[in-house]
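Taking it in order: structure first as structure tokens, then the write-up.
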Amino acid sequence: MKTLFRSFPATVLLALLPLGFLVVMVVAPLVAMAAYDGSAWSLVLADDYMQHRLVWTVVQAAVTCVLVLLLGIPVGWSLARLSFRGREVILRLLMLPFVMPTLVVGVGVLALFGANGVLWAGWQDTPYLLLYGNVFFNLPVLVRAAYQGFLQVPQARLQSAQTLGAGAWQRFCFVEWPVLRPWLAGGACLVFLYCFSGFGLALLLGGSRYTTVEVEIYQLVMYELDMAQSSVLVWMVLGVTALAGLLYAYLSRQTASDKAVRALLPHRPQSLGERVLLGFSLMVLLLCCLLPLAAVVFLAASAGGSWGVLLERETLAAGWNTLRFSGMAVLTAVVLGVMYAAVARRVAWVRGLVFLPFMVSPVCIAAGILLLYPQWTASLPLLVATYALLAYPFVAKDVLAAWDDLPEDYVSAARGMGSNAFQTTLYVTAPLLKPALRRGLTLAAATCIGEFAATLFLSRPEWQTLTTLIYSYLGRAGADNYARAMVLTTVLMLLSLMVFLLLDEREKT
């Protein structure tokens, strides 16, 4: 009982900052949006224009789920079952979209298929650009889910089916598919969640006819100052994303990796069908994941004198803002993430809240913040806090997972040798958690460097970052401005690749 009373105050103190931060930055703004103007619901639901936006937002997310399922299952099977040169590199490259800013991908898609597209020009103002951009980001999500699912199929079960005369298709339908199904369902939930609440790609690629609800919220708030209708749309988005998030959480319980399962070892392609499937998988990854990035680099390489934009005062200021905002946010994310992990270790129900910032889009958060804290609009602490809100879950998630896996014997041995709680934490727990902290920090830094939505809402003109500067150049007429946007996008891509390489190095060690 004494231990309980000693630990309770410590738990409360630990919880004050991370949970209070969530209340101030997420819960309170969303409650303020809900209570703003209830009469606007009938107006929004009866508006044909709004109905079209809502239907298209659902349709583009659902179509993306279908596309990535059709493409991702054969790619996941090839990576799990076939051995070939470059397989390990491809498995690592599947992390790349997680650190690549949406703006980079959007510019890459425009470079391929926009008005001046190098591959097939003239596809702007069509739904296909947005769907292609969605596939870029979400195909790796589904491929990783399928890959992990295939690894959970026991080797003995597959070999028994083959011995009994089952062909490749029969083994897939009756042996692999039952194991794979919950993994695919969880991956599809994430894909739907990301596409439904996506902002950057829809803003760049949707044109005037195929923008989503998120873009409509941005336009209502920033251009029409219509907080009533935007609050209704925010809660519609939150309702759908909450359902998708809860479904994903439920499915995640059924997809825990079993380390005791002996997976079938990958083998060299033997039959013609396996060779064709491998070729198809590599072609899908090339066309859907690498081609937009290559298009940006190609156009930047031919930009000529437009490279002088890197030396202009506006660019240097934007680069400095990107680095300092990201640096301050990452430091804040370290404190919040570690404290959150410590609280989650003590209080089980807190663990589920770590995904809350993932389920609420930056547009919804920024709209609520503008409504609730008008006196803090365009203030640096609020902007950095919003960056940190989007970044700290990566730190908390990785640190908490590593903390759960720590052997209890180490801590017990340290305490048995006379170390107090502080010494045990400093010399035993902290060094063991350091790799997970670095991994979380890398993803947090990538999120901050490429942040776009919150910056459009909350920053001042003099706080322009690389993402908003690129967006500004894209909105200006002239070939030189377009070339400058490609040059700056290449720089932003290189920054993201540096972060990816840091993450990749930590994954290998």
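The values are calculated or read from the model by the stated rules, or taken from the named source; none is laboratory data. Model, not experiment: these values are computed from the prediction. Glycine gets a Cβ as well: all are built from the backbone with ideal geometry, and neighbour counts include every protein chain shown. The area values use the complete protein model at the heavy-atom level, side chains included, leaving out ligands, DNA and RNA. Shrake-Rupley method; radii C 1.70, N 1.55, O 1.52, S 1.80 Å.
Miscellaneous remarks
- Summary of the geometry: segment 441-482 and segment 202-242, compared by the centres of their Cα atoms, lie 19 Å apart.
- Long-range HN-HN contacts of Leu82 with modeled amide H, under 5 Å: His267
- Under Stokes-Einstein, with the Kirkwood radius over Cα pairs as Rh, the value for the chain at 25 °C and 0.890 mPa s is 100 µm²/s.
- Enclosed volume per residue, in Å³, of the convex hull spanned by Cα atoms of segment 423-484: 122
- Accessible area of the chain belonging to carbon and sulfur atoms, whole % at 1.4 Å probe: 67
- Full-extension gain in nm, Thr377 to Ala168, via 0.36 nm per residue minus C-alpha separation: 69.3 nm
- Take the chain with all the other protein chains still there, run a 1.4 Å probe, and you get 46 Å² of accessible area per residue.
- Proximal charge balance of Leu203 [Cβ under 12 Å; K/R count +1, D/E count -1]: -2
- Alpha-carbon centroid distance for the pair segment 288-359 / segment 377-409, whole angstrom: 13
- Once divided by 2.2 N^0.38 Å, the Cα radius of gyration of segment 1-117 becomes 1.80.
- Sequence-ordered 3J(HN,Hα) estimates for segment 349-366 from the Karplus curve with 6.51, -1.76 and 1.60 and θ = phi - 60° stand at 5, 5, 4, x, 6, 4, 8, 4, x, 6, 7, 10, 6, x, 5, 5, 5, 5 Hz, glycine and proline given as x.
- Val89/Leu323 FRET efficiency (R0 41 Å; Cβ-Cβ; nearest 0.05): 0.90
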